[in-house]
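Quick note: the coordinates plus some simple rules give every number you see, no bench work behind them. Quick caveat: nothing in here was measured; it's all calculated off a predicted structure. Quick reminder, even Gly has a Cβ in these numbers, built from the backbone with ideal geometry, and neighbours come from all protein chains shown.
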Amino acid sequence: MKIISWNVNGIRACEKKGFLKFLKTQNPDFLCIQESKAHEDQLSLELLSPTWGKEILSKANYQSLWSSADQKGYSGVASYIKSDLVPSVKTTFGIGIKKFDIEGRFIIHEYKKNAQKFLLYNVYFPNGAAREERHDFKQEFLKKFLKHLQKKIKEGFEIIVVGDYNIAHKAIDIHDPVRLADTSGFLPEERQWFDSFLSSGFVDSYRNMYPNKKEKYSWWSYRSLARQNNKGWRLDYICSTKKISKKITKADILSTQLGSDHCPVLCEF
């Protein structure tokens with residue numbers, strides 16, 4: 001099973017920068033994108049139903065599912081699922097909390113095939129930087145989402161949470177932890193939430209595999225040649241419950257992949 005997560009910062013712009021070529025080359029079972037910034041009626045047929053066959057009646061290689069914000073051009077998540085896996089997947093949009101769901105922040109896939117089953121959460125966590133009320137919104141989101149996940153764990157689900165968490169967890173995950181200590185995305189209360197999240201039964205797949213690997217980031221500002229100088233943050237994660245984490249054979253950050261201010265992250269198990 002190969003899962004990729006990528007904040008594309010606008011799928012229509014990313015399409016012009018090689019998104020479909022990336023999907024075809026990587027050939028993941030699930031590709032989860034964040035900040036799609038589009039409604040389905042704004043998208044090309046190629047984006048909605050990627051098909052590599054040249055014949056008119058060729059079967060689509062992927063099915064795409066979209067959870068868009070009520071506000072056009074804002075937020076949103078989408079998932080691409082290999083067509084042969086679709087019968088094994090039940091999908092839910094949102095977690096039942098309206099103020100979060102109207103911003104298109106969640107798609108949940110329940111996968112069951114033979115002995116393998118899990119819940120896959122594709123999530124775009126809020127950015128708390130804009131205004132004080134958005135900081136409060138983010139804190140409420142973190143608290144309620146963790147409570148939701150803890151309930152699912154108690155119900156016996158194995159879970160994978162992928163997406164743009166908008167949090168750099170540790171000093172190793174940010175290029176200048178001292179100067180940025182009071183910056184949204186690296187605030188003490190956000191990092192403490194991440195500690196609580198992991199303590200509740202989750203494992204950071206990349207950091208678990210590479211506990212001391214430095215200067216591996218997934219987001220760079222468009223300003224001041226940040227990407228060229230690798231002045232970045234690790235904001236994008238694939239975290240799973242411990243039973244799944246023990247099966248993970250590969251975790252990576254695809255830092256050379258262009259098309260967005262974020263790069264994709266992946267895991268295989």
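Grab the other residues whose beta carbon is less than 14 angstrom from that of I102, score K and R as +1, D and E as -1, and report the net. Write out the running numbers ahead of the final one.
Numbers: positive: K72, K98, K99, R105; negative: D70, D101, E103.
Taking every Cβ under 14 Å from that of I102, the sum is +1.
Need one number: nm distance between label points at S196 and L85, each 7 Å from Cα along Cα→Cβ, rounded to one decimal.
The answer from the label model is 3.1 nm.
Over the range 1-130, what is the relative contact order in percent, taking alpha-carbon pairs closer than 8 angstrom and at least six residues apart?
Working: 259 pairs, mean separation 26.9, N = 130.
Averaging sequence separation for qualifying contacts and normalising by length gives 21 percent for the range 1-130.
Sort 182-192, 115-125 by packing, meaning the average of other beta carbons within 10 Å per residue, with the highest value first. Could the numbers behind the result be given before it?
Working: 182-192: 15.7, 115-125: 19.4.
Going from most to least packed, we get 115-125, 182-192.
Among T256, T92, rank each residue by its count of other Cβ atoms within 10 Å, from fewest to most, as a rough exposure measure.
Details: T256 6, T92 14.
Ranking T256, T92 by Cβ neighbours within 10 Å, fewest first, gives T256, T92.
Please tell me the relative contact order of the chain in percent, rounded to the nearest whole number, where contacts are Cα pairs under 8 Å and at least six residues apart. Mind showing how you got there, number by number?
Details: 572 pairs, mean separation 50.7, N = 269.
After rounding, I find 19 percent.
Please state the relative contact order of the range 140-249 as a whole percent: Cα pairs under 8 Å, 6+ residues apart? Write down the numbers at each step before the final one.
Values: 135 pairs, mean separation 41.0, N = 110.
Dividing the mean separation by the residue count of the range 140-249 yields 37 percent.
Please rank H262, H39, H175, fewest neighbouring Cβ atoms within 10 Å first, as an exposure proxy.
On the way: H262 24, H39 15, H175 18.
In increasing order of surrounding Cβ atoms, one gets H39, H175, H262.
How would you order 149-159, 215-225 from highest to lowest mean count of nearby Cβ atoms within 10 Å?
Per-residue Cβ counts within 10 Å, averaged per peptide and sorted highest first, yield 215-225, 149-159.
Taking the number of other C-beta atoms within 10 Å as the exposure measure, put K250, K231 in order starting with the fewest. Write out the running numbers ahead of the final one.
Values: K250 11, K231 17.
In order of increasing Cβ crowding within 10 Å: K250, K231.
Quick check of the Kirkwood formula: for the range 2-268, what is the inverse mean of 1/r over all pairs of different Cα atoms, in Å?
Numbers: mean 1/r = 0.0533 Å⁻¹.
Mean inverse Cα-Cα distance, inverted, gives 18.8 Å.
Taking amide H positions as placed in the peptide plane 1.01 Å from N, state which residues far from I238 in sequence (5 or more) or on other chains have amide H under 5 Å from it.
Result for I238 returns S205, Y206.
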